[in-house]
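Here is the structure we will look at.
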Amino acid sequence: MDSIIDPTEAPIDRLGRLLIETGRCDARSLDRGRRAAEESGGRLELILLQLGLVSERGLVDSFAELLGLAVVPTDGYPVEPILPERLAARFLRDVRALPIAHEPGLLTVAFADPLDPFPAAAIAAATGCAIAAAIAVPIELEAAFDRLYPRDAAAPHEGDDAVPLEEDAERLKDLASEAPVIRLVNQIIFRAVETRASDIHIEPFEDRLRVRYRYDGVLHEMESPAPRLIPAITSRIKIMARLDIAERRLPQDGRIKLAVRGQEIDFRVSTVPSLHGETVVLRVLDRNAVTFDYEKLGLAPQVVHRLDEMLALPNGIVLVTGPTGSGKTTTLYTGLLTLNAVTRKVVTVEDPIEYQLRGINQIQIKPQIGLSFAALLRSILRQDPDVIMVGEIRDLETAQIAVQAALTGHLVLSTLHTNSAAAAITRLRDMGVEDYLLTAVLRGVMGQRLVRRLCDVCKQEVPAPPELVSRFRLDTRTERRPITLFHAVGCGQCRHTGYRGRQAIAEFLAPDAEIERLIFARTDHSAIERAAISAGMITMFDAGLDAALAGTTTIEEVARSIRSEN
């Protein structure tokens, strides 16, 4: 992008123009930030960050482009303090600057605020070194400070008395309301959204606080804050989620809604007591990051065709199965959106409601007041719905009401936690659903998993090893010669994992006469699966092999996801 630099233009004005030119902030948001900055007397870029109108990473990258400086990588901070005899930790924290490299006469310093000339001048005067500036990501700078200059956990603030934080709810509330804690928690949350993490795990241990983000189903550890901040961080999140900060003996659940870069993002919050405090997990529910489209989900066309056929039926039960985190709800939401029409009433019963769907009646169960799946289903049937989605069939009572709803002319969609499509049939039978009812209402079962997609930027094509070709009969699955697969390499675009995003691999079982006979014969799921394969069902593992041959994932990833010994 070509941008004409006006040397007479103030740096903050150049920064605002750069934010718009790069698409990191729109003109309306920038104007809103400028008005707020004028009213409060604050710095424009800090106001934009606090209002969620620009991301922390977007601001850092804009500083780098504006000033021609490098951004300090996550692993670019030193393992021990540099020149601690000349630079006091308190001073460095106050000016938010940290030396990261030293050679004779030259000190490289990471700055959180590269537009402020004072820290560089003060550090140069104190050390007698020339200063080479770099730009720090604030949350990573804070974590580096906590690691290099740990503060006394027993006395987080000078003048505090000896009352333990864990026993003083009012003190916790005050600590959680302090600006540094608010900024740190916001940075943890915003960074998760910016980097497209699906979950944030905050876990206290005896000597540290571990922060991990889940990317594409796999947890990655981040630079963690100091252990002394455990009570304050937990309390801040509980305040944001409107939970009881004084209750630390029982699990709690809540929600947070925040504006991140002008977009409303929901977070589902869960706290559970543990040995050294409360573990906190935040599920990031970003509607903008979720695609309700079969093709973008990666589902094979033949599976989508079978699913659409079942969803077009006027009644019956259609199930999606798989373990937690296998994308079942996303698949059902996608199906619901294809069914959503003015002529059709669609109702969902969920625990919890993850994404709000326009035009669909969504209801949250509340077991603590007796509002269970079964109780809600009974009431919903009196509301004359056409399509009902039940978040999960967990017990016989819910299963029986779902069957009755299907028998009386409703289309029922739901999920089960089973390892395969065939296992769903035996699970319902084990719950106590009669065989004749099962064969009467079951229209189809889709089993699915999520596998990580290879990064298109760095994936590497290699000849398939002969032993893999032989073991998985890859030569019968493709006409391409030589047979090639792709390996994960890793680059900056994929956080050096080799993978970027996830896709679904699935199998679809539609009961036919032979499968109905096996159900009445009370055979196990293996016999049912063999019959489905004979009738043309492509298994999840086979679908995964096809995806690997197509270059969208790897055989190792398929095996990891399905845990197959095939």
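Gap in Å between the Cα centre of region 431-453 and the Cα centre of region 219-291?
With region 219-291 and region 431-453 each reduced to a Cα centre, they are spaced 34 Å.
Given R₀ = 45 Å, what would the calculated FRET efficiency be for Leu115 paired with Asp293, taking r from the Cβ atoms and rounding to 0.05?
0.60
Given R₀ = 22 Å, FRET efficiency for Thr408-Thr439 by Cβ-Cβ distance, to 0.05?
Calculated value: 0.80.
Using the Karplus curve 6.51 cos²θ - 1.76 cosθ + 1.60 with θ = phi - 60°, work out ³J(HN,Hα) for each residue of region 27-32 in order, rounded to whole Hz, and write x for Gly and Pro.
In residue order, the calculated couplings are 4, 5, 5, 5, 4, 4 Hz.
Leaving out ligands, DNA and RNA, what percent of the accessible area of the chain is carbon and sulfur, probe 1.4 Å?
50 percent
Work out from phi, with θ = phi - 60° and the Karplus expression 6.51 cos²θ - 1.76 cosθ + 1.60, the ³J(HN,Hα) of each residue of region 462-468, listed in order in whole Hz, and give x for Gly and Pro.
Computed from phi, the couplings for region 462-468 are 9, x, 5, x, x, 5, 6 Hz.
Can you pull the one-decimal nm distance between simple spin-label points at Asp31 and Arg43, each 7 Å off the Cα toward Cβ?
Result: 2.6 nm between the two label points.
Helix 138-148: angle to the longest alpha-carbon principal axis of the chain, degrees 0 to 90, nearest 10?
Relative to the chain, helix 138-148 is tipped by roughly 70 degrees.
Run the dipole for the chain about the Cα centre, Lys and Arg Cβ at +1, Asp and Glu Cβ at -1, nothing else charged, and hand back the magnitude in debye, nearest 20.
Values: 66 positive and 79 negative charges, 224 e Å.
Dipole magnitude for the chain comes out near 1080 debye.
Keeping all protein chains in place, calculate the accessible area per residue for the chain (probe 1.4 angstrom), answer in Å².
Accessible area per residue, the chain: 48 Å².
Which lysines, if any, have their Cα less than 24 Å from the Cα of Lys345, not counting same-chain residues under 8 positions apart?
Excluding near neighbours in sequence, the set is Lys328, Lys366.
Please work out whether region 402-449 counts as rounded, prolate or oblate from its C-alpha gyration tensor, where a ≥ b ≥ c are the square roots of the eigenvalues and a/c under 1.5 means rounded, while otherwise a/b larger than b/c means prolate and anything else oblate? If you can, show how the numbers build up before the last one.
Details: a/c = 2.22, a/b = 1.40, b/c = 1.59.
In terms of gyration-tensor shape, oblate.
Can you run the Rg to Rh ratio on region 5-98? Use alpha carbon positions and the Kirkwood inverse-distance Rh.
That ratio is 1.05, to two decimals.
Between region 14-92 and region 479-553, what's the alpha-carbon centroid distance in Å?
Between the Cα centre of region 14-92 and that of region 479-553, the gap is 45 Å.
Note the full-extension length gain between Arg522 and Arg481 as 0.36 nm times their separation in residues minus their Cα-Cα distance, in nm to one decimal. Walk me through the intermediate numbers first.
On the way: separation 41, 0.36 × 41 = 14.76 nm, distance 4.49 nm.
Net length gain for the segment: 10.3 nm.
Please work through the chain and write down the cysteines that have no neighbouring cysteine Cβ at a distance under 4.7 Å.
Cys25, Cys129
Let me know the charge dipole size of region 286-412 about its Cα centre in debye, to the nearest 20, where only the beta-carbon of Lys, Arg (+1) and Asp, Glu (-1) is charged.
200 debye
Could the peptides 293-299, 265-271 be put in order, highest first, of the mean number of other beta-carbon atoms found within 10 Å of their residues?
Details: 293-299: 16.9, 265-271: 20.4.
For the peptides 293-299, 265-271, the packing ranking is 265-271, 293-299.
If packing is taken as the mean number of other Cβ atoms within 10 Å per residue, what is the order of 383-395, 339-351, highest first?
The peptides rank, most packed first, as 383-395, 339-351.
Please report the base-10 log of the normalised intensity I(q)/I(0) for region 391-533, using a Debye sum with one equal scatterer per alpha carbon and no solvent, at each q in 0.13, 0.19, 0.21 (1/Å).
-0.75, -1.05, -1.21
Go through Arg477, Arg452 and list them by solvent-accessible area, largest first, probe radius 1.4 Å.
From most exposed to least exposed: Arg477, Arg452.
How do the peptides 109-120, 517-528 rank, highest first, by the average count of neighbouring beta carbon atoms within 10 Å per residue? It would help to have the intermediate numbers written out before the result.
Numbers: 109-120: 18.7, 517-528: 15.3.
So the order, starting with the most tightly packed, is 109-120, 517-528.
Quick one: what are the phi-derived ³J(HN,Hα) couplings along region 333-342, Karplus 6.51/-1.76/1.60 with θ = phi - 60°, whole Hz, x for glycine and proline?
Going residue by residue, I get 4, 4, x, 4, 5, 6, 8, 5, 8, 4 Hz, with x marking Gly and Pro.
Based on the alpha-carbon gyration tensor of region 303-408 and its eigenvalue square roots a ≥ b ≥ c, which shape applies: rounded if a/c is under 1.5, prolate if not and a/b is larger than b/c, or oblate?
rounded
The values are calculated or read from the model by the stated rules, or taken from the named source; none is laboratory data. Source: prediction; values computed, not measured. So basically every Cβ, Gly included, is an ideal-geometry build from the backbone, and we count neighbours across all protein chains shown. Heavy atoms of the whole protein, side chains included, go into the accessibility calculation; ligands, DNA and RNA do not. Shrake-Rupley method; radii C 1.70, N 1.55, O 1.52, S 1.80 Å.
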